[in-house]
Amino acid sequence: MIKVVYEVVPHDGGWAYRLGEVYSEAFPSHAEALEAARIVAAEQQVGGDSAEISWQDDKGKWHEEYAEGGDRPETEVVDSRWKGGSSADASPGA
């Protein structure tokens with residue numbers, strides 16, 4: 001099973017969540033970015049309809065495959081503020 005990890009991090013003068021190296025929009029507060037990340041992670045758990053999909057890999061080649069609508073990834077939200085053990089409500093630059 002695939003695991004999708006969203007990380008809440010300082011970004012662009014505020015806070016954002018990221019997946020790999022892709023960032024969300026910047027939020028003015030840590031709490032808003034954390035809530036947005038939790039919402040996105042929860043939406044990943046919602047099953048959909050099975051469908052034929054096409055996608056392009058990093059080399060530019062297109063692929064077609066059948067995607068099972070109930071096959072959802074495991075999700076997690078990681079809060080970068082707690083990695084260093086700091087629990088202070090500080091600005092990203094502090």
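Residue-wise, which Karplus ³J(HN,Hα) couplings in Hz belong to region 45-51, taking 6.51 cos²θ - 1.76 cosθ + 1.60, θ = phi - 60°, and x for glycine or proline?
The phi angles translate into 7, 7, x, x, 7, 5, 7 Hz.
For the chain, which span is the longest to avoid every loop-located (per DSSP) member of GluC sites (Glu not before Pro) having at most 12 other Cβ atoms inside 10 Å?
Values: sites that count: GLU21, GLU25, GLU68.
By the stated rule (loop sites, at most 12 other Cβ atoms within 10 Å), 26-67.
For semi-axes √(5λ) of the Cα gyration tensor in Å, several values are listed as [x] 49, 18, 9; [y] 40, 25, 14; [z] 31, 15, 11; flag the one computed from this structure.
For semi-axes √(5λ) of the Cα gyration tensor in Å, the calculated option is [z].
What is the chain's relative contact order, in percent, from Cα pairs under 8 angstrom and six or more apart in sequence?
33
Tilt of helix 30-44 relative to the longest C-alpha principal axis of the chain, in degrees (0 to 90, nearest 10)?
20
Express in nm, to one decimal, how much length is gained between ASP58 and GLN45 on full extension, taking 0.36 nm for each residue of separation and deducting their alpha carbon distance. Kindly include the intermediate steps, with their values, before the conclusion.
Numbers: separation 13, 0.36 × 13 = 4.68 nm, distance 2.56 nm.
Using 0.36 nm per residue and subtracting the Cα-Cα distance, I get 2.1 nm.
Read-outs throughout are calculated quantities, based only on the coordinates presented, and are distinct from any laboratory measurement. Worth saying up front: this structure is predicted, and the values here are computed from it rather than measured. Backbone-built Cβ (ideal geometry, glycine too); neighbour counts: all protein chains shown.
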